[in-house]
Every structure is written in C-alpha cells, then in structure tokens.
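Here's the structure, in structure tokens; my notes come after.
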C-alpha cells in the first residue's frame, strides 16, 4: 500500500474518475490554470483541458447553478467551493435545489452532483472563513454529507460520491491536506453511509469524524499510556448516518464521548448522543459527553483560535470524566 | 371500599423501610389504629397502624422486604369485597409503574443469595427517584434480581454504575461457589483454641449511627467545656420528692437535668440552634433529646418543649419513650425534632466523658455520675456530692466563653434545684 497525503488521495480520486467517465468535469474558482486553492487539481487543466476543468467567476451561486443545470442534463459536475463558508452565498442551490429536484419531479430528473468544499478552522482565516458548519448541511434530507478523516477514506468515498446519482457534499478539512495514510493500490470504492471503527478499544467509545478523528487518535494514544483503551468510531458520512458501529461499540463500553469541530449546540454530537439514548438507553453507564468548539465566532488570534477549537487535552479530559 | 395501606414516610429523609413483621394475617379483622406491622427505618423499628377498619384482605409484601415509602403494603376492606390487587394498586398509586411483587422461590432452583445478612428483597421499583443508577446498572439489576437500594454507588454523586453491579455479582458468585470459606479468619497456624472472630452485618440503626457520627465528627468542629456541679441539694430534693411519689412515677436525676438544661437553654438561644451554611438557625422550641441505649445502638428520644413542662411530666414522658425505644417500638414523633441533646452515663459510674454532637444540633451535654468525693469548703475538707458534665459545642455556632457561661448558668438550677419546681 502506498502512503500518500490527503491531497494526493483526493486528487487521485478526481483524476481516476475523470479518466473513467467523460461526463465528469470540474468547475470552481481557480481550479484550472492555478491548480486549485489547495493545489488539489494541479495538472488537471493541462491534461483534461478547459472544457472539463472550468475556472469560474467568484460567484458561488453561479457555480452551483451551472453545476445543477449540467447535472440535470446528464453530466457529472464536481463543483469546488474554496471554503464551505461560501456555500452560504449559494445556500438555495445547496439545500433547496440540489437535494430536492429529484424528489419534486418524481424521479424524472436526477442530480449527480458533487460539491467539494474546504471547511474547518485552525488556519487563522478569521471568523467568517473558518467555520465547521457540517451539521447545518447534514440537516437536509436529500443531500448526502461526507467528511473523511483519512486519505484512504477520502479517495474511496470521493470516487463513490462522483458515481452517485444524488448530490453529495464532500467536506475536506483545511488543515488535513498534509495528513498521510495508507491507501490501497488500484481501484477501490468505499460506500457512502458506513461508519468505521478506526481504533479498537474496550473502555470508552469516541465517536468522531474528519479533524476530530486525527485529534481523537492522538488522545487515544495518550489515554493508552494510562491504561484507558478508547474505541474510535469514525462516522465518515454525516448523512445518511450509520449508527451501527457506534451502537455496537457503545453496547460494549457503555460510555461515549463525541468529538466534533463544530459548535456543540444542535451539533453532530447532539444528534449522535440522542440516537444512542434512543437506541441503547439500557446500555448507558454514564452520561454521554461532547467535545466541540467553544460557542464563539472563531477568533483570528492564533492563541484564542486554538483555545476555541477542540484539542487533544479536551478529549482526554472528557474521556476521564465519562469514565467516572 | 377497600383501602390501601402504604409504607409510611417517617421523617423527611426516609426513602424506604424494611417490613420486619406482620402483626395481622390476611383475613384477620382490624380496627382503625390497630398495629398492622412493624417496620425498620434508618432510625428505629416503628409500628404501622391501619388507617382503616375492616378485614386484612391482602398483604402485598413479605416480611423482610425493603419497601420504598408510599408503596402499597396491604389492603384492608370488607370481608366479601372483591379485591383486584392490580387495579386496586393502580387506583391508589399515583405511579402506576411502581411494581410490587412477592418473591416466589422456585422449587429446585438454586438462587444466588444476597450478600451476608440481607433479607431477600421483594421490591424492584425502577421508577424510584431515590436510587441513582445508570440505565445499564438498572437493567442488569433487573435481570439479575438485584435490589439497587442495597448497592453502594461509586459513580458521580453516588450513582450506581456497571462496576458496582459487577462487584455485587462477583461477591454473589464467591458466596455461592465457595460456601465453606469463612471470611475474616486469620490464617495463623496452631493457635490455642480461643474465641473466633466474626463478622457482624450492620443493622439499619448501626448504619445510620455510623454515617451520622462520622459526618458529625468530621464536619463539625467540636470543642469541649467541663464543669463540676454540687449535687447535694438536688439529690436531697429528689429523695424528698420521690418520697411522695409511687414507684412508677419516681423522678430521676436525669429528669432534673433535662429541666435544668431546658431552662438554661432559654437563656442561651444560641446553643439551642443549628448551623446552616451561611446562618445559624435559633430554634423557637426547646426540645431536649435524651440518648437511650438500645440493643445494637442508641436512640435519642425527644422531650418536646421541656422548658415549659413540669418535672413529673418530663419524667413520665421520658420513661414512656425510653421504654418504647428499648423494646424497639418508638413512634416517629418520639425521636424527631430535638434541638439539643443530653447523653447521661451516670448509671455506669462514669466520672466524665465527651459526646459527639447530634447534627444539626449545635451542642450536646455529656453527664457523668454523681459521686461522693472529698471537697474543700471554707478551708475544711468534707464529703460532698459532685457531678461532672461536659458540653460539646459546634465552634461554628458558638465559642468557649458562651459555653462556659452556659455551664455556669446551669449550675444555678442544678445547685439550687428549688428553681426547677417554680
């Protein structure tokens, strides 16, 4: 297996799918000549040409409007949003048009669209460009929301997303493009809507995804030094949410901590905790705890930004609290 | 209309009671006020009176069962009335989910015994708000037939969690798999035969004493002041008074002390008080608690408004309550509401001792024996009756000077006891 970065994994998925299917094309700001703000599509413009790698105006509603139109007439657009924060400029397309057209037209149309968007804080981009509003988008039926935490998952899930006949919001974390991981050789797909145990353990279940996975794995290493074995379940997909591995793990450990980078209120943790209580109440041995972002607009100041984001010590502390 | 008798709530912190004994059988006639059963609470064994007249139609719990308060324990109705237990319970219980079931030992099936000394419990009340347990602990307890109210929780706020249940289960397995192992036996080889050690399970009363005294001694800063009283006049007066009284009405030294203490407390309201976090509550009534030794512990019977009662009234009341306590049959109102306590070991030839405060009271008086000792008066040594007493005081409420003044003021009544008669 090759050990590559998240950036390479995403890039490989895009490249392989564009090679495989001529209906697949990319559009977005600076995706072509420049090679992508995060250099994911470097070399694509030269190889696939301006027809299939389209630079757009700085107008997210135009990007999404064009992408949805193309999808309705049989193409497979991959629209890149420089950051998920800009999706708010195109909110009607993201949550009102793309997820509902197939439903409202009784299946006469489908919307095979992938929206790739960069999210997350930690790069000092200020309050409006650093958000992790994943839960907002996961709220809407009809929109699949995927957010991988490893290069392997990123590649396999993105390829599946591109082949999906329904819109998929594919969330990439701004600070994870350099994360390295083993990726299988050759072609492989990972189904959307399957959670996965990324680290086995017996004492407590940590439910997380994306950046939270990276932090939780570090926290689990710290905890292991103290003899606490945390099992980490990676959601990978926020909608449709696969609670199977979460419940299976919880029924074993009876205690859970949910780690997400977004704000706590009305967040992923709230959803997961509620489902555990609904489906495994009799297995709970302690209140389920959440680790999340402080309830403030994310500060620009580096120290404050780091203080507001969930960190490894927050997770280890929560786990110990949950084990009391 | 049949009436349901519930486990009474005797005292504000009572969560459950053990039904020790039924005094009426099913089918027996009972009048309102008749004693139906004896129950053991944290503090004492008390009697449950029937609140209805009729025939005891159903006893809903077995002897030995631990029953949450307000849970139906019996149904009294007319002899020919059709009693449907479940509907009856539903109609009287505001919590239809309270489940009362009688244990039904299954013949030929080995059931795991509860840890030493536990009576078999018949009540599982998953809705009970008293027992804090995790959902997992509750489920396992239900499956295993464990009584959560008997399990010590080690989770946050005393919550019973998985490890607590597992501990009980492993102890059960230990007991059932190795019944011949006697715990607590030191493995000393070839010792001359002697008295074997034994492990004694704590009674409810002992548990309550252990808990309350540990709490008191570790959280209340005690200080002590000892005073010696001239008892010649009081003893003479007592002899004189008792000369007029029949045997069963005779007045004890302690009765004099109760009245003397009560009158002195009127002058020292700060010692007839309770510490309450950010304030001191001075009680209006002077209710003097008197420690009574009972089997396996002690109880404090309470002489209410002792400052306005005559010596004979005090004597009669204390006599009645102490007798009840010793027989294990006190009324809840007899052991509640004391504002100051007296512990008297005078009958055991004790010179002096110090007592632990009975929370939330601010002070307790420990009384020794009246003894004839050489005393010096006006330069002459002669024989005199003296009695020492030590007051233990909550230093958060009061200070040494006040306690000393109290002890001095008490002398006025003990040494000039005629004051107690007027």
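Laboratory data are not the source of any read-out in this text; all were calculated from the coordinates shown. No experiment lies behind these values; they were computed from the predicted model shown. Cβ coordinates were reconstructed from backbone atoms using ideal geometry, including for glycine residues, and neighbour counts include every protein chain displayed.
Arrange the following residues from fewest to most other Cβ atoms within 10 Å of their Cβ: A:205, A:160. Each step should come with its number before you reach the end.
Values: A:205 29, A:160 22.
Fewest-to-most ranking of A:205, A:160: A:160, A:205.
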Taking 2.2 N^0.38 Å as the expected size of a compact globular protein, what ratio does the Cα radius of gyration of segment A:196-322 give against it, to two decimals? 0.99
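Order by neighbour count: B:399, A:55, A:166, fewest other Cβ atoms within 10 Å first, most last. List each step's numbers first, then the result.
Numbers: B:399 11, A:55 15, A:166 19.
Ascending number of Cβ neighbours within 10 Å: B:399, A:55, A:166.
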If contacts are Cα pairs under 8 angstrom and at least 6 residues apart, what is the relative contact order of segment B:221-421 in percent? 31 percent
Distance histogram for segment B:1-44 (every C-alpha pair counted, 10 angstrom bins, percent rounded to whole numbers): 23, 51, 24, 2
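Helix-derived [θ] at 222 nm for the protein assembly as shown: sum -39500 (n - 2.57) over DSSP H runs of at least 4, divide by residue count, nearest 500?
Working: 19 runs with 221 residues, N = 746.
Only helices count here, giving -9000 deg cm²/dmol.
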From largest to smallest, what semi-axes in whole angstrom does segment B:135-177 give when each is the square root of 5 times an eigenvalue of its alpha carbon gyration tensor? 18, 11, 8
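For residue B:198 and residue B:228, compute 0.36 nm times the residue count separating them, minus their Cα-Cα distance, and round to one decimal in nm. Working shown, then result.
Working: separation 30, 0.36 × 30 = 10.80 nm, distance 4.13 nm.
Computed gain between residue B:198 and residue B:228 is 6.7 nm.
In what sequence, highest mean first, do B:156-165, B:285-294 appear when ranked by Cβ atoms within 10 angstrom?
On the way: B:156-165: 17.8, B:285-294: 21.5.
Averaged packing, sorted descending, gives the order B:285-294, B:156-165.
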Segment A:143-188: C-alpha pair distances exceeding 12 Å, %: 62 percent
Can you check what the Kirkwood hydrodynamic radius comes to for the protein assembly as shown, Cα pairs only, in Å to one decimal? 32.8 Å
Please list, short to long, the whole-number percent of alpha-carbon pairs of segment B:227-371 in consecutive 5 angstrom bins beginning at zero. 2, 10, 18, 22, 22, 15, 8, 2, 1, 0, 0
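With a cut-off of 8 Å between alpha carbons and a minimum separation of six or more residues, what is the relative contact order of segment B:293-382 in percent?
Working: 98 pairs, mean separation 20.8, N = 90.
Contact order relative to length: 23 percent.
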How much space per residue, in cubic angstrom, does the convex hull of the C-alpha atoms of segment A:2-183 take up? 103 Å³
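May I ask you to derive the relative contact order of chain A, considering only C-alpha pairs under 8 Å and at least 6 residues apart, and to give it as an integer percent?
Details: 723 pairs, mean separation 52.7, N = 324.
This gives 16 percent for chain A.
Could you please rank B:213, B:321, A:82, placing first whichever residue has the fewest other Cβ atoms within 10 Å of its Cβ? Numbers along the way, then the final one.
Details: B:213 14, B:321 22, A:82 19.
Listed from fewest to most nearby Cβ atoms, that is B:213, A:82, B:321.
What does the C-alpha gyration tensor say about the overall shape of segment B:324-422? Classify as rounded when a/c is under 1.5, otherwise prolate if a/b is larger than b/c, or oblate. Before the final figure, lay out the partial values.
On the way: a/c = 2.01, a/b = 1.50, b/c = 1.34.
It comes out prolate by the Cα gyration axes.
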How large is the convex hull of the C-alpha atoms of segment A:212-253 per residue, in Å³? 51 Å³
Over the Cα atoms of chain A, each weighted equally, I'd like the Debye log10 I(q)/I(0) at q = 0.09 Å⁻¹, rounded to two decimals. -0.45
